[in-house]
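Accompanying notes for the structure given below.
The values are calculated or read from the model by the stated rules, or taken from the named source; none is laboratory data. Not measured: the values here are computed from a predicted model. Every residue, glycine among them, receives a Cβ derived from its backbone with ideal geometry; neighbour counts consider all protein chains shown.
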Amino acid sequence: MSSKPRVVVTGASGLLGRAVFERCKTEGYDVKGLAYSRARDGLTKLNLTSTDEVYSFLSSIKPHVIIHCAAERRPDVVEKDPEGSEALNVGVPTHLAQWCAFQEKEGGQPAPLLINISTDYVFDGSKPPYKVDDDPNPLNTYGVSKLRGERAVSEHGIKGRSVNFRVPVLYGYAESPDESAVNILLTTIQRPSQVPSALKKMDAYAVRYPTNVSDVARALGDLVNLAYAEGGVAPPSLPPTLHFSAMEAMTKYDMCNVLARVWNSVQADLIESQPELQPGTLDEQIATTEYLDPEYEVDLTAATMRPRHCKLDLSSTRELGISTDCVTFESWWKGYLTETETTRLEAERKAAAEAEECRVKEVAAAEEKRKQDAEERKSREEEEKCKREEAEAEERSARVAKEKEEAERLANEIEEERKEKERIETDKAERKQREAQELDLLHAEQQAAEQETVVKADDMAEGKLKCSTHSERRAQDPMDLVAKSIEQSDGNEILEQMQGSSEGKDEDQNENDGQGPSASNSPRPSFSSLRARPTPPASSSSPDPSMAPPLRPNSLQEAGEAILRRASAGTTSSKVHSSITPLGEPLAVTRQVSGSVASREDARSLPTALLKGDDSLISTGSTAAQDADSDGYGEPSPRLESTMPRFIDEQRAAAPVQSATAVSALVLQQQEQQPKQAHVPPQHQQPQEQGEPDFPGSGPSPGPGPGSDQIMVRSTINAVDERIADANMRDDLPAEPHQRRFTFEIKVGDPQKVGDPVTAHTVYTVRTKTDCSNFRALQFSVLRRYNDFRWLHAALVNNNPGMIVPPVPEKVKIGRFAPELVESRRHGLETCINKISNHPVLQHDDDLRLFLESDNFAHDVKMRDLRKGPVPTPEQKTYFGWSSNIGGPKFVETDEWFERQKGYLDSLESQLRKIVKAINTLAQQRKDFAHQTSEFSSMMMVLSTSSLSRAMCTCFAGLGEVQRRAQELAELQSDADMREIGTVIYEYERIVGSVRKAFATRVDAWLAWQLAEEDLHKLRRKYEKLKSEGGRVHPERLHSMLQDIADKESQSLHLKKMFDDISRRCKTEMAAFDIERVEEFRNALETWIDGMVERQEEMAKEWEHYIALLERQTGRTIDAPGSRSNVS
């Protein structure tokens, strides 16, 4: 045999096996390390539970020493899987002992030395210290398995060549802290980043003797050297069992305190010795035991029992000459922690340096990329600049060519206008010459008419004519009025007026002729003339007034001649008389007009309807003509109504009176239309109702009288003013008829929690009973969740501005599935939906119907949003309302009623909040009282079971029953406080928020109105600016802008009306809110007081019964306070 034995170490990858393997190599042994799951370089992978593999390997090696370190050392794992651990802790030692014995018996060679590593857990820890021959008594499965392994080695191994080497808990250099029950304490004492919610329990009763694996490996080396001394002569025999252990007694809690102190000391030394460390690299206290909870008593409920004190006696080991000196616990850990912390800091510095190097490289790469991007961007910008310059050059060329074409076109148009003006001047000269001739003839006829008038006046003075007939003819003959005007004004003045009117018409015609075909048939653009008038029905037999050609001066002259000829011929047709009678007032006004300029301005100031022969504006004071629309449909034209006030102001400023030329035009058009009216068959004429004023041409003219000369004729402006007033009066009428009010009875119940933990929500069954025929049935039910109720509330607020929509219960994020909260929310949702459905206006809302009867609510809401647009949520209203108010008009309240209501609502909300708080306090106090009463009742019932007299026990039991009933009534009263009165007041506290929402819709309407007004002013300023540019702006552009102004005026008027309607609706809703609040408060208070009185009376009866019980048991009469006997 060589001087150095061959040694096999099992479990060489474990904590102890690594130390033994390294010690054997230090001693110079021919060592083979075995491992399985963690086999690496230098170790042989071998499955020890396979007997064939083990025998084959050992036979090939033929070791002198086998040190068996492999085992399942974790007691908790062995306790959970005893069968799996038995193969390693019992089976492997058995096979090894059998193989060693076989080598000596069958092989004829000395048996190898077998050293089986065992544990101090083979003892129960009740009688320390334990010698090698003391009887073992393991407390757990791990100790049992190791004891069976010892006995197998002693039974199957060669006596004197098989040793069981018992050691305590071990520590040392570990690859991971969980390799040792001591090393793992480092993770327990390390200061956590966050304070733990509970303390960690730590063993403070079991005394342990932690031993370093290097000391154990040294002792095993000494044992091998003792067995194989120089020359290979082995001692006669070795004891079957040896003990080895350090002598420092500690509990696990003691170990934690030592490790924490050492670790913090090492850290402080490192900070002091390495000033280059940055602040914060090391915490001031890296380890602490303040989060440990020491246990000083045995935990009888623990899954694995452990011995309390297993101190091993080392006398047998010392007798063999093996040193039992061990390194101290604190000194080894100080060196180990210093080494590990230094290594960790070096690794961190190295990692930081590498990270910094990577960062520098990344910065350089980013800078390089930035430069490349900058170059590419610069190149791109240059290319875009070149393309842009080329496009601008092409655009300039195109613009120059277009300007050249436009200049040529304008030159052609100017030339055409010049030729047209020359032609017009020629025609004008010819017309003036012809008119001069006609005026001479008219003057002669006028003189003849004056002479006739004078003769008739003389005849009347002399009484030669009959007064009645003559007066009637004078009242019906329009030429009498003409004669009167001619007598009171100079004939030359009339001629100048008519001539001036003719010139004005010529000038107007010239202006129209210069604007092309589209402008020749229309007067100068104005707000009224550019309104689109409705097209009359195709069945109408009356000609379209808008298609009538403009009156020429020669036609006016012919009209005047026709009037004089009819007067001289003595025409007395009642139809004609009635049609020209309204001209009395305009003819009288012509006395104040002088000069051709006034005539031209009067002609231009006439509205389009008059110039086109619309006689609906002229009547003898009838209101029926005022009610009819100018378009003949019986409904007012919205464009005329929206712009007429502006037109009225322009007309009044430009034309205070009517000219004789315009009046003549009216006379002519009425005379041309009169024959058509005269030939209407009698059966097609509508009978005139009694009391209806006469219209021109609809009946005989009024008879002679004192006021027959003052014929009621409205001016053009007055007619338009009255028509607009009538339209505004129609706007004030109700928009829709009164709607029937239906009854609804809605129950919200059966709350069910549905969905997974992420999307969980509560679904309620909404059962509706109604008498409204608009629904699919009179009774039906649907499933709705809380968010559906919130959607309904938002939709109703959006659909009905100014309405007070009852609120839904508040949203709760924490504890929303608690039974009390679900029931409270169910009650609130039921109250809310019943108030909404019984509201006289909200019950007719389409969204309410969709909510109550839709079976596929999500899909129907999407379809509804596609038709009407999505319903804005309160969050969106808050955001968009806030963003729209920036830079916009600021609302200033001008209605004192709303100011008073805001203060009233603030005060009401504050008082309701205080009442709710007081009721909550009262209900909680009642619950506390009920709890205390319950405890008192329990004490009385316990006393009733004592060994007192039967009468006393009965009295105590009766008092306990009374207190129990008092506790029940107190709980009922507490619930009634919250349900009957508290809930009602809390709901109205939240309804105050709904009132504010209704008021906020009024502010939104005002802001929309003001924004429309601002847009209108901008359009008007833009129009005035374009108008001031003159001929450079195309007429179609002006016409389009006037159309936009008209639309914006209509929109502004509509928004103003909406603001007024919402204001009125807010006042109506506020009045109803006050009435309903008082009524509901009174009903709730009456219910609450009645219930409280009933419970008090019931409690009084309970005390009366108890007093009767006392009287029966004691035999004495008891006068209760306030009883009848006491009072008497």
Determine, yes or no, whether SER85 is touching a Phe, Trp or Tyr at 6+ places or on another chain (Cβ under 9 Å), loosely packed, with under 14 Cβ neighbours inside 10 Å and within 23 Å of HIS156 (Cβ to Cβ). no
Of these, ASP178, ASP135, which one is farther than 25 Å from VAL8 by Cα and under 60 Å from the mean Cα position of the chain (by Cα)? ASP178
Need the failing condition index for PRO840 against (1) under 23 Å from the mean Cα position of the chain (by Cα); (2) on the phi < 0 side of the Ramachandran plot; (3) not aliphatic (A, V, I, L, M), just the number. (1)
Could you identify the single residue in LEU1055, LEU1007, LEU1085 that is over 31 Å from the mean Cα position of the chain (by Cα) and in a helix (DSSP H, G or I)? LEU1085
Quick count over the range 877-916, residues being in a loop (DSSP other than H, G, I, E, B) and at pLDDT 60 or above, is 8
All but one of (1) under 21 Å from GLU1086 (Cα atoms); (2) at pLDDT 90 or above; (3) surrounded by 16 or more Cβ atoms within 10 Å (Cβ to Cβ) hold for ARG965; which doesn't? (1)
Report, by residue number, each residue of the range 740-799 that is under 16 Å from GLU830 (Cβ atoms), in contact (Cβ under 8 Å) with a residue 24 or more places away in the chain and small (Gly, Ala, Ser). GLY749
Only one of these is part of a helix (DSSP H, G or I) and within 28 Å of ILE1089 (Cβ to Cβ): ILE981, ILE1045. Name it. ILE981
Which listed residue is farther than 22 Å from VAL1033 by Cβ, assigned to a helix (DSSP H, G or I), of a type in the set (Asp, Glu) and modelled with pLDDT of 90 or more, from GLU438, GLU382: GLU382
Can you tell which of SER237, SER176 is surrounded by fewer than 15 Cβ atoms within 10 Å (Cβ to Cβ) and in the same structural domain as THR94 (by TED's automatic domain parsing)? SER237
Neighbours by Cβ (under 7 Å, 6+ apart or cross-chain): first from the range 993-1006, over 10 Å from ILE1062 (Cβ atoms); second of a type in the set (Val, Ile, Thr) and assigned to a helix (DSSP H, G or I): LYS997/VAL797
Whichever residue in the range 1021-1037 is touching a residue at least 12 places away in the same chain (Cβ under 8 Å) and either more than 30 Å from GLU406 (Cα to Cα) or surrounded by fewer than 16 Cβ atoms within 10 Å (Cβ to Cβ) (or both) and, among such residues, is farthest from the chain's Cα centre (by Cα): PRO1035
Please verify whether the range 254-264 includes one or more residues that are within 19 Å of PHE329 (Cβ to Cβ), at pLDDT 80 or above and touching a Pro at 6+ places or on another chain (Cβ under 7 Å). yes
Determine, yes or no, whether GLU341 is among the acidic types (Asp, Glu), more than 30 Å from SER214 (Cα to Cα) and in the same structural domain as ILE286 (by TED's automatic domain parsing). no
Subset of the range 187-214, residues of a type outside the set (Lys, Arg), within 22 Å of GLN285 (Cβ to Cβ) and either crowded, with 22+ Cβ neighbours inside 10 Å or touching a strand residue (DSSP E or B) at 6+ places or on another chain (Cβ under 7 Å) (or both), comes to THR188, ILE189, GLN190, LEU199, MET202, ALA204
Can you work out which of the residues in the range 730-761 that are at pLDDT below 90 and of a type in the set (Val, Ile, Thr) is surrounded by the fewest Cβ atoms within 10 Å (Cβ to Cβ)? VAL758
Would you tally the residues in the range 755-773 being farther than 18 Å from LYS811 by Cα and among the aliphatic types (A, V, I, L, M)? 1
Does SER397 fit the bill of being of a type in the set (Gly, Ala, Ser), within 20 Å of ARG208 (Cβ to Cβ) and either in a helix (DSSP H, G or I) or in contact with a Pro (Cβ under 6 Å, 6 or more places away or on another chain) (or both)? no
Hey, could you check the range 325-337 for residues that are surrounded by fewer than 17 Cβ atoms within 10 Å (Cβ to Cβ) and of a type in the set (Ser, Thr, Tyr) and say which is farthest from MET250 (Cα to Cα)? SER331
If we ask which residues in the range 810-836 are in a loop (DSSP other than H, G, I, E, B) and of a type outside the set (Lys, Arg), their number turns out to be 6
Any residue at all in the range 1056-1066 that's closer than 22 Å to VAL892 by Cα, assigned by TED's automatic domain parsing to the domain that holds ARG1020 and of a type in the set (Val, Ile, Thr)? yes
Only residues that are under 20 Å from LYS753 (Cα atoms) and either in contact (Cβ under 8 Å) with a residue 40 or more places away in the chain or touching a helix residue (DSSP H, G or I) at 6+ places or on another chain (Cβ under 9 Å) (or both): list them for the range 826-857, please. ARG826, HIS827, GLY828, LEU829, GLU830, ASP855, PHE857
Quick check: anything in the range 206-219 within 26 Å of PHE21 (Cβ to Cβ), among the acidic types (Asp, Glu) and modelled with pLDDT of 90 or more? yes
Name the helices (runs of 4 or more DSSP H) wholly inside the range 1-81 in which the number of residues that are under 60 Å from the mean Cα position of the chain (by Cα) and β-branched (Val, Ile, Thr) is 1 or more. 75-80
Looking only at the range 762-801, count how many residues are polar (S, T, N, Q), assigned to a helix (DSSP H, G or I) and under 12 Å from ILE746 (Cβ atoms). 0
